[in-house]
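Everything below concerns the one structure shown next.
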Amino acid sequence: MRLSSVIAGLSAAAVAFQGVAYAVQGPVKSLLRPPGAQGEADFSARCIKCGKCMEACPYVALFPAPGNQGLAAGTPMVDARAQACRLCEDFPCVEACPTNALRGIEERSDVRMGTAVIDEDLCIAFQGMRCEVCYRTCPLIDQAISIDYRLREGDAIHSVFAPVIDEEQCVGCGLCVERCVVDEPDVAIRIRTDAEHPRAGA
């Protein structure tokens, strides 16, 4: 038997084993995955924790999931508050992946990391203070996020410059999370991963 056949067989077995392990463990809903991940189950089955995507990221936005993440420990993730994905035009992380755990990305609109969700109770724009930071920093401005200008309810003087997320256009890069000016008691915007709430048709 050729060595290449043995290696291919072992690789297939490893992917199958990881897929079974994922099914037993259940989805890791809190991890924001790199561009090109095709759902948590598929990604977990294919990722071999080689670190090549992390090495390829020019912004050091990818790092290994911590040890408390069980079988997902060591797999690449994004901490959007610390360093969001910059949606590189050539997607070096996808190009570097040897197992197709990251794939299918040709342009920014192909990315499906998650969807931004705004906490209106924390967002100062909804309190009548003008803040367009998330809007201005979005790489898909006026597509993934827009501003709803309106009078504040019960207030005939002050306007609300409310950020509005288009769930079909938002790719979940997390730049809005990184740049949000609110952090007490929590950040006013977060990325809901597709593992938490899959998009229609996904």
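The values are calculated or read from the model by the stated rules, or taken from the named source; none is laboratory data. Note that this is a predicted model, so its numbers are computed, not measured. Here the Cβ is made from the backbone with ideal geometry for all residues, glycine too, and neighbour counts use every protein chain on show. Areas reflect the complete protein model, heavy atoms only, side chains present, ligands, DNA and RNA absent. Shrake-Rupley method; radii C 1.70, N 1.55, O 1.52, S 1.80 Å.
Any residue at all in the range 172-186 that's of a type outside the set (Lys, Arg), on the phi > 0 side of the Ramachandran plot and not in a strand (DSSP E or B)?
yes
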Q | Filter result (within 13 Å of the chain's Cα centre (by Cα), among the aliphatic types (A, V, I, L, M) and farther than 16 Å from ALA61 by Cα) within the range 84-123 | A | ALA116, VAL117
Q) Consider ARG179 against the criteria (1) at pLDDT 95 or above; (2) open to solvent by less than 40 Å² (accessible area, probe 1.4 Å): it satisfies all of them except one. Which criterion is unmet? A) (2)
Q: Please note which helices (runs of 4 or more DSSP H) are completely contained in the range 31-139 and include at least 2 residues that are touching a Lys or Arg at 6+ places or on another chain (Cβ under 9 Å).
A: 40-46, 92-96, 133-137
Q: Residue by residue through the range 149-163, note down the ones that are open to solvent by 60 Å² or more (accessible area, probe 1.4 Å), on the phi < 0 side of the Ramachandran plot and either modelled with pLDDT of 85 or more or in a loop (DSSP other than H, G, I, E, B) (or both).
A: TYR149, ARG152, GLU153, ALA156, ILE157, HIS158
